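For reference, the structure discussed in these notes is given below.
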Amino acid sequence: FVQMAVANKIKGDIIAQFVVDKTTVSYFSAALSVGITLFVFPAGLIIVRYPTRGVLLAVLALSVVGAFGSALSGYTTYFWLLCLFRFLSGVAHAFCFLACTALVSRWFSHEKNAFVIGSVISIGLLGALFANKPLLWLLEGPLQMSWRHALLLNAFFGLLIWLLSFLVIDSAPVDAPFVGKKQSFGQFWQGLKQAAKNKHTWIHVLFISLLNSPYMVIALEHMNDVLGRLHGVSISTASSLSTFFFIGNIVGATFSGYISDRWKSRRKPLLIGALGTLAIMVLVLLINPLPLYLLWLLIPMLGLLIGTQVVSYPAIAETNA
């Protein structure tokens, strides 16, 4: 999540460093999305066949390489090199949700899945939180750190996370060891057809995709631009609002998982999240400028409502063998 959110704060520095326009710099963000899109399906095939611990450590190492490469690319004049390392971070990110969901399904009972997955995602969202106000403080605070040094610090933080993962993560409990699912091509194709015929799969896939649209496009990439151009707030205020968006997202991910398990319903939290997100997006995008006090109410609430998408992950697992 750090790698996803960091682009929102350093785009101006990248434009100045590589002498590119705003259209060209968008390839930097797109490279991450391309890596995720191309490798999320292979990631699913790999995670069911091999121990999650080994897969997680390998892709986390790839993410660290991407972070170091992005920082060091800033000392060159090759914009394509920066995009290449951004792409590697995207490849690693493709495994993120799937690996965590696999761990949760092996370590916890189904009755607790939504709450635990929500908690895991909440911890991940702390990375997006770090990439907002704290990163801005590194860049514009007393340290006046360059964006390259900030990305290097980010990469060293990734090394620390890798070490903690190496020490802590096990693929499965000792009394229920991991058994890889080795499938023939025929079995794989049959499983793929079963998943594709399941209407619940498509409903939840669409739900996640549509709720991720405002999350990816606005919150992670263009929050400062949207709040600045449409509502006339300063960069510092926009950054603070972004931080509270992610705080709302953290609370929403955990709380919606807990409520879903408590209500024994996946449907109700998803309906509340979808309708609430739609209402707030209409207000923020079509009515401008909004008064600042209303933005302080709406932006954290938007984060909280988008957090309901975590309920779809256990729902997909529960409706597919």
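The values are calculated or read from the model by the stated rules, or taken from the named source; none is laboratory data. Fair warning: this is a prediction, and the values are worked out from it, not measured in the lab. Because the Cβ atoms are built from the backbone with ideal geometry, glycine has one as well, and the counts that use them run over all protein chains shown. Please note that ligands, DNA and RNA were not included when accessible areas were found on the heavy atoms of the full protein model with its side chains. Shrake-Rupley method; radii C 1.70, N 1.55, O 1.52, S 1.80 Å.
Summary of computed values
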{"quantity": "Some residue of the stretch 222-244 being farther than 18 Å from Ile299 by Cβ and at pLDDT below 90", "calculated": "no"}
{"quantity": "Neighbours by Cβ (under 8 Å, 6+ apart or cross-chain): first from the stretch 262-276, in contact (Cβ under 8 Å) with a residue 12 or more places away in the chain and assigned to a loop (DSSP other than H, G, I, E, B); second β-branched (Val, Ile, Thr) and open to solvent by less than 100 Å² (accessible area, probe 1.4 Å)", "calculated": "Arg266/Val311"}
{"quantity": "Single residue of the stretch 153-176 satisfying the filter (part of a loop (DSSP other than H, G, I, E, B) and not small (Gly, Ala, Ser)) that is surrounded by the most Cβ atoms within 10 Å (Cβ to Cβ)", "calculated": "Ile169"}
{"quantity": "Close pairs from the stretch 37-61: first open to solvent by 40 Å² or more (accessible area, probe 1.4 Å), partner modelled with pLDDT under 90 and assigned to a helix (DSSP H, G or I), Cβ under 8 Å, at least 6 apart", "calculated": "Val40/Leu98; Leu45/Phe188; Val48/Ala102"}
{"quantity": "Tally, over the stretch 209-238, of residues that are within 27 Å of Asn320 (Cβ to Cβ) and either loosely packed, with under 15 Cβ neighbours inside 10 Å or among the hydroxyl-bearing types (Ser, Thr, Tyr) (or both)", "calculated": "5"}
{"quantity": "Whichever residue in the stretch 15-36 is under 13 Å from Arg86 (Cα atoms) and not small (Gly, Ala, Ser) and, among such residues, is surrounded by the most Cβ atoms within 10 Å (Cβ to Cβ)", "calculated": "Leu32"}
{"quantity": "Failed item in (1) aliphatic (A, V, I, L, M); (2) open to solvent by 30 Å² or more (accessible area, probe 1.4 Å); (3) outside any loop (DSSP other than H, G, I, E, B); (4) without any contact (Cβ under 8 Å) to a residue 60 or more places away in the chain, with Val179 passing the rest", "calculated": "(3)"}
